[in-house]
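Heads up: the structure comes next, in structure tokens.
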Amino acid sequence: MSVNLRRSNHGEHGVTRRNNINFSLLPKIVSPGSPDIKWRGCKLKLRVTLCFLFFFILCFNIASCSPRKFTVREIPIERDGEVVAVLRAEIASTQEERNQGLMYRKNLPDGEGMFFVFERDHVLSFWMKNTVIPLSIAFIASDGRIIEIKDMYPLDTNSVSSSRSARYALEVPQGWFSRAGVRSGDVVKIANNNEE
């Protein structure tokens, strides 16, 4: 709606000027029971609900990506009955724990690692998806003897497999086995309570 107001404005030449006011540009004055107010209330409720839903989903995703709490054990490694090294290892004995492994970790100190326990002997394969720490892995027979040691590289999705059937695997910071003097043929002392 446009209303023309006539106002006399006598300038130099005595010309009358018209001012046009466009009321459609002014803020609306709405009564409390009008449909416009109700719609604004619904939009506000919808926005608040969506914010809570987004926050809930975000919290759930953060919780599911955070590292799991694993059982930790001291694991001695022996050669000819003498302890060569002792490692503090997290035990991954369930499928869910093995799937999580060391993914999303930012660091792994020397002398620490993850010990993977499987139900039966078979050729084991590992990859480095979502793992940014360079690792070395020892494939271990059911009697605890280290079959072989291989290096793995950050974010590499190519499989690193044991050359023959193994029951266990031990991941450590890359190069730790050689720094600690551990080699193929050494025996990882596996206590029965590690296989929880």
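The values are calculated or read from the model by the stated rules, or taken from the named source; none is laboratory data. Worth saying up front: this structure is predicted, and the values here are computed from it rather than measured. Every residue, glycine among them, receives a Cβ derived from its backbone with ideal geometry; neighbour counts consider all protein chains shown.
Things to note:
- Filter result for Ser142 (exposed (fewer than 13 other Cβ atoms within 10 Å of the Cβ), modelled with pLDDT of 95 or more and of a type in the set (S, T, N, Q)): no
- Sub-9 Å Cβ pairs linking a first residue in the stretch 87-108 that is polar (S, T, N, Q) to a second residue that is crowded, with 20+ Cβ neighbours inside 10 Å, at least 6 apart or interchain, are Ser93/Phe115; Ser93/Phe116; Asn99/Ala92; Gln100/Ala92, ordered by first then second residue.
- Out of Gly113, Gly101, Gly81, sole residue that is out of contact with any Lys or Arg (no Cβ under 8 Å at 6 or more places or on another chain) and surrounded by 18 or more Cβ atoms within 10 Å (Cβ to Cβ): Gly101
- Looking across the stretch 146-162, the residues that are in contact with a strand residue (DSSP E or B) (Cβ under 6 Å, 6 or more places away or on another chain) and free of Cβ contacts under 8 Å to residues at least 40 places away in the same chain come down to Ile147, Glu148, Ile149, Lys150, Asp151, Met152, Ser159, Val160, Ser161, Ser162.
- Restricting attention to the stretch 86-98 and to residues that are buried (at least 19 other Cβ atoms within 10 Å of the Cβ) and of a type in the set (Gly, Ala, Ser), the residue that is farthest from Gly185 (Cα to Cα) turns out to be Ala92.
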